Amino acid sequence: MKTNTKLRWGILGAARINQQLLPAIVAEQNSELVAIASRRPGAAKATLDQYAPKQESVICYDQMNALLDDDLIDVVYIPLSNHEHGEWTLRAINKGKHVLCEKPMALNVADIDAITEAAERQNVKVMEGFMYRYHPQHARVKEIIDSGSIGEVRSVRSCFSFMMQPARLYRLAEPLNNGGGAMWDIGCYAVHAARLPFYDTMPKAVTAFVKKTETGADSGGSGIIDYGDGRYAQFDYSFSRARRAEYEIIGTKGGLKCHNVWAKQAETPIISWWTEGGENNLEELPLNNHFLLEIEHFTDCVLNDHDPGLSLADARINCKIINAAIDSAETGRSIKI
Ligand SMILES: NC(=O)c1ccc[n+]([C@@H]2O[C@H](COP(=O)([O-])OP(=O)(O)OC[C@H]3O[C@@H](n4cnc5c(N)ncnc54)[C@H](OP(=O)(O)O)[C@@H]3O)[C@@H](O)[C@H]2O)c1
């Protein structure tokens, strides 16, 4: 639905992911891109020219605080490096801005609690940018589960891996405790997807293993989230395994598989599901741009005062599980939540 009031966006950081988000903000019918900031002089303008040319009215700041002080901006998108998310989300909230922050929203639960408290005090919307959840294929998965066809969900297995190009291995430069490595980069997706049928349930324990690199980051790992009563969610992720982007959900009467969880705009989303009663289905869903759908969703939440589909409570559970997984890998023990 188009409204008369446009939401005015500012972007903090000239990051590569702007290749996806900048065109989405420009294309979204109730949004207006007002400014972009980078601490590297000239980088904001270069990013704008590259990913959203012909946006002459967009202001390019060489200081992050200048963008936060700009009263023309209602909402800030934060694609900074992982260890900066918590701090800049809090700063933006305290300036009265709504915030869409890239995953992970913060590296520890205390920061998410501070963000939650500040968002309530300032009466602003804040959401962690797990864009894939806005692709309709996951709503279809939920519909199949809710129909009862596969019975009661007992286990999940989610995987995200690919061979990281050598040029991108700078992602391992920071240690795990400062947001570096595969866990914070792609493991957080695998954990998030593994939680899909148990969305707002707090698990009982987490056991995990990670492959550490000499920088103190991890290049991959695997773990099990224990939801009690024999319900488990397994996740695995890696920068040094063949490409996989899938999850499988097994119930008491059947199972389903999402074959392309992080489906890009040109990739066909496929869901297959089966039942012990002999049903075998393969569904190809329409192509979609989950970045645009994410921006549409968050814009609608702000303009029409709805709660974001991904809550801060969800971000808190994901963060708690990731930290428990890291603790487990470091101590060799299962960590109670
Ligand atoms: N949703 C998704 O599909 C997706 C995909 C990839 C990444 N991400 C997330 O998005 C965030 C950004 O990831 P990214 O890969 O786009 O990050 P990136 O390009 O490494 O940029 C991160 C930040 O580092 C600074 N930077 C960029 N290039 C630099 C350079 N050449 N030298 C020095 N500093 C530089 C920028 O801040 P300044 O401009 O202020 O210097 C930028 O905001 C991360 O949190 C990541 O987890 C999400």
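The table below gives the values:
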{"read-out": "Of all residues in segment 17-56 being among the hydroxyl-bearing types (Ser, Thr, Tyr) and either within 13 Å of the ligand (Cβ to nearest atom) or modelled with pLDDT under 95 (or both), the one that is most open to solvent (accessible area, probe 1.4 Å)", "value": "51"}
{"read-out": "Residue count, segment 126-157 (criterion: away from the ligand (no atom under 16 Å from the Cβ) and either touching a residue at least 60 places away in the same chain (Cβ under 8 Å) or not in a helix (DSSP H, G or I) (or both))", "value": "16"}
{"read-out": "Residues of segment 7-16 classified as more than 7 Å from the ligand (Cβ to nearest atom) and surrounded by fewer than 23 Cβ atoms within 10 Å (Cβ to Cβ), total", "value": "2"}
{"read-out": "Sole exception among (1) within 14 Å of the ligand (Cβ to nearest atom); (2) crowded, with 20+ Cβ neighbours inside 10 Å for residue 167, by number", "value": "(2)"}
{"read-out": "Residue satisfying condition, being within 16 Å of the ligand (Cβ to nearest atom), modelled with pLDDT of 95 or more, in contact with a Leu (Cβ under 8 Å, 6 or more places away or on another chain) and open to solvent by 10 Å² or more (accessible area, probe 1.4 Å), within set 298, 291", "value": "291"}
{"read-out": "Search result, residues across segment 92-106 that are open to solvent by 30 Å² or more (accessible area, probe 1.4 Å) and either within 11 Å of the ligand (Cβ to nearest atom) or assigned to a strand (DSSP E or B) (or both)", "value": "98"}
{"read-out": "Members of segment 66-91 that are within 10 Å of the ligand (Cβ to nearest atom) and part of a loop (DSSP other than H, G, I, E, B)", "value": "79, 80, 81"}
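The values are calculated or read from the model by the stated rules, or taken from the named source; none is laboratory data. Worth saying up front: this structure is predicted, and the values here are computed from it rather than measured. Here the Cβ is made from the backbone with ideal geometry for all residues, glycine too, and neighbour counts use every protein chain on show. The area values use the complete protein model at the heavy-atom level, side chains included, leaving out ligands, DNA and RNA. Shrake-Rupley method; radii C 1.70, N 1.55, O 1.52, S 1.80 Å.
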